[in-house]
Amino acid sequence: METYLVGGAVRDALLGRAVHDRDWVVVGATSETLEEQGYRQVGKDFPVYLHPESNEEYALARTERKTSAGYHGFSVDAGVHVTLEEDLQRRDLTINAIAQDCSGNLIDPWGGQRDIEQKWLRHVSLAFAEDPVRILRTARFAARYAPLGFKVAEETNDLMRQMVDDGEANTLVAERVWQELTRALCEPAPQAFFSTLRDCGALAVILPEVDAMWGVPQRAEYHPEIDCGAHLLLCLEQAALEQADGQTRYAVLCHDLGKATTPADILPRHHGHEDRSADLAQILSERLRAPAEWRQLAVYTARYHTHCHRAAELRASTLVDTLMAADFLRRPERLERFLVACRCDARGRLGFEQSPYPQAHFMQRAAKAMAEIDAASIAKTTDDKSKLPEKLRRARIETIKAAGKAEP
C-alpha cells in the first residue's frame, strides 16, 4: 500500500498558491485494507475514504471506462492492480495529474509541470471527452488562473468543441451546471468562464440565454463596447474587482438578458428590456434550480437596475415602490447586493471603469429615511386597517420628499 498526494494540493504548491485541502490516492490496497485501518468510506460512486485522524480524503487508484452518455455513464475499476500512472491518466487536465510521494518526489507522467510553466490548460488524454463536466471544469480553471496568464490549449478547445458537436454537453444535469457555474462566478476572472464556454460552443447549449447576448448592439454613446456580450464580460470583471459575493455576481450575469430578445427594428435601443430580462432570469434560475434568494435577487436586479441608474430623476412614489419591491426592510442585504450589481453594470463599459456611482449612496439615504418611519404609530392611528398599506406608502413618499429627494 502506497499513498501519494495528488491533484489541487500539488498543483497549487507548484504555482506558489496556498494549499487548503489535500487529497490522496492509494495504490495497492483494497477497501477492506483501508477499513481495517479505520478509514471511513464516504464516496458512493467511487471508493473514497476519510483518514481516521486527519479526515483528509483518500481514494483508491482507479480507472474508468465509458459505458453510456453523460457523466454518470462509467464503470470503475479500483483493483489493487491499478497503477498510479493509470489513475493519473484518467484525470482531466495535466496540471491536475501530478502526484507527490512521501519523500516529496513528483510523479508527472503527463507533462503537468511543463504546462504549469508554459501556462496551458491541456487535457491529459482523449478520455477527457468521456465526461462533459470536464468542459465546465476547464472553463472554471480558466476563470481561476486567467489572471496568471493561463489559456486553454488549442487542441483541448478543439476536443471540447467536438464533445459539444457530439451532444455530450446536452447530457449535463442542472445541479452540476449550477455547481460549476456558482464556483466559477466566484473565481478571480469569472468572465473567462463564459469566454471559454463560448469558444467551444458549449455556452449556447448550457446557458443559451447568456450566449444570445453576443452580436446584439447597444447605443455607442452609452456603451462604447457596443456588443451586449462584451458588456456582460466587463460587468463580471467589475464584480470580481468589487469582490462581490456569488449572489451578486449571478445577478450581474442575469441583469441584461432581455437585450438579446429586443425586436430588431428598434435596435440599438432596448426599450422594455428590464421586464424581459426579469422574465429570462426567472426562467434560467428555475431551469438551473437556483436557490430562492439567488433567483429573487437576479429577477429584482434585472427589473430595476435602470431605476437605480436614474434614482435622482425618479418620482418619490416610484423610488418608494422600487425600494419596497426589494423587501429591504426585512432583507437589507438584498438592497446592498443590488446596489453593488448596479454599480458593476454602470462601470462595466469601456472608459467608465472608474466612474463614480453616487446613485448607490442616494438609494441608501432614501432607504434609511424610509426605515426610520414609525409604522407602529401609524398603525395605531388607523382605524380601518385595510387602508394601512396605502397610508404607509403615502408616509414613505412624503418622507422621501421631505428628505430632499433630488439632493446629490
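So here's what we get for this one:
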read-out: Near pairs, Cβ below 7 angstrom, 6+ apart or cross-chain, from the stretch 368-394 (among the β-branched types (Val, Ile, Thr)) to any residue that is in a helix (DSSP H, G or I); value: ILE373/ALA395; ILE373/ARG396; ILE373/THR399; ILE378/LYS391; ILE378/LEU392; ILE378/ALA395; THR382/LEU388; THR382/LYS391
read-out: Residues of the stretch 340-365 classified as assigned to a helix (DSSP H, G or I) and either of a type in the set (Phe, Trp, Tyr) or loosely packed, with under 13 Cβ neighbours inside 10 Å (or both), total; value: 2
read-out: Helices (runs of 4 or more DSSP H) fully within the stretch 108-188 counting 2 or more residues that are touching a residue at least 24 places away in the same chain (Cβ under 8 Å) and small (Gly, Ala, Ser); value: 133-145, 174-185
read-out: Test: residue in the stretch 134-142 that is outside the structural domain of LEU5 (by TED's automatic domain parsing), at pLDDT 95 or above, among the charged types (D, E, K, R) and in contact with a Ser or Thr (Cβ under 9 Å, 6 or more places away or on another chain); value: yes
read-out: Among (1) surrounded by fewer than 21 Cβ atoms within 10 Å (Cβ to Cβ); (2) in a helix (DSSP H, G or I) - the single one LEU236 does not satisfy; value: (1)
read-out: Any hit, the stretch 171-187, residues being outside the structural domain of ARG347 (by TED's automatic domain parsing), more than 17 Å from the chain's Cα centre (by Cα) and not aromatic (Phe, Trp, Tyr); value: yes
read-out: Hits in the stretch 14-36 (condition: under 18 Å from GLU2 (Cα atoms) and surrounded by 13 or more Cβ atoms within 10 Å (Cβ to Cβ)); value: ARG22, ASP23, TRP24, VAL25, VAL26, VAL27, GLY28, ALA29, THR30, SER31, THR33, LEU34
read-out: Helices (runs of 4 or more DSSP H) within the stretch 246-314 that include 2 or more residues more than 29 Å from GLU175 (Cβ to Cβ); value: 273-288, 292-309
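The values are calculated or read from the model by the stated rules, or taken from the named source; none is laboratory data. Just so it is clear, the model here is predicted, and its values are computed rather than measured. Every residue, glycine as well, gets a Cβ built from its backbone with ideal geometry; the counts of neighbours run over all protein chains shown.
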